[in-house]
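S.K.: This is the structure I want to talk about, given as structure tokens.
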Ligand SMILES: [Zn+2]
């Protein structure tokens, strides 16, 4: 299955999943292909296309846009009823060609993401072994979004667009999804998710999961009202041409693919749990009482209990690493990303999930050595109980041995501290009580005190 981005969806519709691309995807930190919101939020100023080609494209698009506008009125009435939120203002809609959508994605990426941010995210992904050494983040985002987008809602323009290569009947469920975003925006203001603070990608991904999970749940209920809609939707997703190919998505590194789809899948389970607990009112309330972490999204009972993440402040390791090392970034991985970091190498879903569960908070910092391009990542993690910490500690050791084929244990005296020598630097994993701290990629002569 696939999904992603802002607006859209595609999907195996067995009651669930949909691929949607709703907001756009950007990036932020390690795994946080951040997303949807931004994309959606972008306002894309379309460049003026070359005159000759435009005439034709515009006519075709206008005809399609008129049909979309007519369908919009119908769908919005039903969505407002399902969701229990009235449209406060008319909602603008339109169809866009693949070229227009591609341009929107690129413009948005250029506007919202600085090249240094993408580079930093890329370095962290490579250091953790989640993407290949020649991985190009920017290109992947463009490829994926262009392939996967079925529509998107743009909060700045307060307008939603559907991809014009999908037939209208098939588009109605996507429309139901996008129109939910329009209603969310009118009532809860989606623009505020746009400029998320840079150092808590985990909370950002959690907020996206609410936004997308809500819209996907509405879409699911819209489809369930009339099974012919499911058929039309499926037919259009599978129809001929490469309209909804999943080639790029299938080829994308697992961790990115799964993070991209997290808001739609896990977000859907979360929205459903909140809805079961208190109906749409409870889902609406969640917009003012946001899930604080992916942990809360993955385990809705922790959201209901408002189990707040522990804030961890990392010391500066520049001194210990040595001259010419520089800190590039700090951020929060959260339960979801830590699970992916383990699962990439453990390849044992139950073990990775168990090891990442019991998360209480974390923070990581990425460092780079100027001249050589060596990269180190420091992670401080906190766990609910000592048992949870031990589980994570053991799993991280196994993952490290699988991650670095040449890993040589050089310090085996302590049960609570392991040091490995690898061609990509030293890895130290240490546990004290409910805390596990990791230094990965540091030079062998570094003076690092993880606990003091
Ligand atoms: Zn969406």
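S.K.: What full-extension length gain, to one decimal in nm, is calculated for residue 88 and residue 135 as 0.36 nm per residue of separation minus the Cα-Cα distance?
M.R.: 12.5 nm
S.K.: Quick one: length gained pulling residue 288 to residue 110 fully straight, 0.36 nm per residue minus the C-alpha distance?
M.R.: Length gained between residue 288 and residue 110: 61.1 nm.
S.K.: Follow-up question, since we're still on this one. Across the stretch 288-344, how large is the tail of the calculated P(r) beyond 15 Å, expressed as a percent of all Cα pairs?
M.R.: Within the stretch 288-344, distances greater than 15 Å cover 63 percent of Cα pairs.
S.K.: Fewest Cβ neighbours within 10 Å first, please rank 331, 362 accordingly.
M.R.: Arranged by neighbour count, lowest to highest, 331, 362 become 331, 362.
S.K.: For residue 198 and residue 451, compute 0.36 nm times the residue count separating them, minus their Cα-Cα distance, and round to one decimal in nm.
M.R.: Working: separation 253, 0.36 × 253 = 91.08 nm, distance 2.63 nm.
Result for the pair: 88.5 nm of gain on full extension.
S.K.: Also: Label the stretch 318-442 by shape, choosing from rounded, prolate and oblate, from the square roots a ≥ b ≥ c of the eigenvalues of the Cα gyration tensor; if a/c is under 1.5 it is rounded, and otherwise prolate applies when a/b is larger than b/c, oblate when it is not.
M.R.: Prolate, since a/c reaches 1.5 and a/b exceeds b/c.
S.K.: Any number yet on Rg/Rh for the stretch 193-293, C-alpha, Kirkwood? The partial results should precede the final answer.
M.R.: On the way: Rg = 15.9 Å, Rh = 15.3 Å.
Rounded to two decimals, Rg over Rh is 1.04.
S.K.: Among 249, 338, what is the fewest-to-most ranking by other Cβ atoms within 10 Å?
M.R.: 249, 338
S.K.: Report, to one decimal in Å, the Kirkwood hydrodynamic radius for the stretch 69-191 based on all distinct Cα pairs. Mind showing how you got there, number by number?
M.R.: Working: mean 1/r = 0.0619 Å⁻¹.
It works out to 16.1 Å.
S.K.: Could you list 68, 436, 313 in order of exposure, starting from the residue whose Cβ has the fewest other Cβ atoms within 10 Å? Kindly include the intermediate steps, with their values, before the conclusion.
M.R.: Details: 68 23, 436 26, 313 7.
Lowest to highest Cβ neighbour count: 313, 68, 436.
Where a number appears in this text, it was derived from the coordinates with a stated rule and is not lab data. Note that the structure is a prediction, hence the values are computed from the model and not measured. Every residue, glycine as well, gets a Cβ built from its backbone with ideal geometry; the counts of neighbours run over all protein chains shown.
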